[in-house]
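The values are calculated or read from the model by the stated rules, or taken from the named source; none is laboratory data. Just so we're clear, the structure is a prediction, and the values are computed from it rather than from any experiment. Note that each Cβ is placed from the backbone with ideal geometry, even for glycine, and that neighbours are counted across all protein chains shown.
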Amino acid sequence: MLILKNIDKIYNTGSISFKALNKVDLQVDSGDFVSIIGPSGSGKSTMMNILGCLDRATSGTYILDGHDVSEQTDATISQFRNKKIGFVFQSFNLLPKLSTLENVELPMVYAGFDSKSRRKLALSALEKVGLKGKEANKPTEISGGQKQRVAIARALAMNPGIILADEPTGNLDSKTTSEIMGIFQSLNAEGHTIVMITHEPEIAQLTNRVVTINDGEITNDTRLRPIAKPKKGLTS
């Protein structure tokens, strides 16, 4: 479960201050599939960075799996981020010199997994996203859609309770977008909690709940479908 309470985020540049988020309240329950939609500069990426523990709020409270993030050290927050959250980015963020298998293994290297465990989990994740047989390929040798599948596999490898996806279909054609959204819907049906940033209303309609943000404030929160019956919570 993710809870934002009265969240403000202010950026200061010299004598100029910019309020990216203003008194934001949001709760995401286990098993939900939420899209956050809004125009460029609306604050949606700032919200995603706070949810992903990549940035801290200026004020307010963020509860992640029962823990008040504002009270944690940077080292503890880094552990939360590594164990509890899987990230998927628009630009894939794959290392070009590594194979798809090695890219998926990378977060587990940082987490201290042994090589045998890393390989087993990475192979399973790649198979889950339909990339069995592509383990040895480099990112330059596969399509954009396949790169995003690798990124999803990397996010899945450590079995996080929540997946945060930042414009995951932004660089893809319509056919590949449909395939990638199908993967996210399947993962959600299995019990993964997913929060997705998008600027495309038609993509948002494929999720269970649409949260609209404008000028740093949530202006609408619409549930389209009930939460799938959760099969698991956040990992500890």
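Just checking, which of Asp29, Asp55 is under 18 Å from Met196 (Cα atoms), at pLDDT 90 or above and in contact with a helix residue (DSSP H, G or I) (Cβ under 6 Å, 6 or more places away or on another chain)? So that I can check it myself, show each step before the final result.
Values: Asp29 fails: in contact with a helix residue (DSSP H, G or I) (Cβ under 6 Å, 6 or more places away or on another chain).
Just one listed residue meets the conditions, Asp55.
Of all residues being over 17 Å from Asn214 (Cα atoms), small (Gly, Ala, Ser) and without any contact (Cβ under 8 Å) to a residue 24 or more places away in the chain in the stretch 1-60, which is surrounded by the most Cβ atoms within 10 Å (Cβ to Cβ)? Just the residue, please. The qualifying residue surrounded by the most Cβ atoms within 10 Å (Cβ to Cβ) is Ser17. Restricted to the stretch 99-124, and to residues there that are modelled with pLDDT of 95 or more and either β-branched (Val, Ile, Thr) or in a loop (DSSP other than H, G, I, E, B) (or both), the residue that is nearest to Arg81 (Cα to Cα) is Val104. All conditions but one from (1) buried (at least 18 other Cβ atoms within 10 Å of the Cβ); (2) closer than 23 Å to Asp29 by Cβ; (3) within 15 Å of the chain's Cα centre (by Cα) apply to Gln185; the one that does not is (1). The residue list Thr193, Thr176, Thr140 contains one member that is of a type in the set (Ser, Thr, Tyr) and in contact with a strand residue (DSSP E or B) (Cβ under 7 Å, 6 or more places away or on another chain), which is Thr193. Could you go through the stretch 48-70 and let me know if any residue there is touching a Phe, Trp or Tyr at 6+ places or on another chain (Cβ under 7 Å) and assigned to a loop (DSSP other than H, G, I, E, B). Yes, the stretch 48-70 contains at least one residue that is touching a Phe, Trp or Tyr at 6+ places or on another chain (Cβ under 7 Å) and assigned to a loop (DSSP other than H, G, I, E, B). Selection over the stretch 177-206 of residues that are within 25 Å of Asn220 (Cα to Cα), aliphatic (A, V, I, L, M) and assigned to a helix (DSSP H, G or I) gives a count of 4. Here's a check for you: in the stretch 74-93, which residue that is at negative phi and free of Cβ contacts under 8 Å to residues at least 60 places away in the same chain is surrounded by the most Cβ atoms within 10 Å (Cβ to Cβ)? So the residue we want is Arg81.
Restricting the stretch 95-123 to residues that are touching a residue at least 24 places away in the same chain (Cβ under 8 Å) and hydroxyl-bearing (Ser, Thr, Tyr), the residue that is nearest to Ala153 (Cα to Cα) is Thr100.
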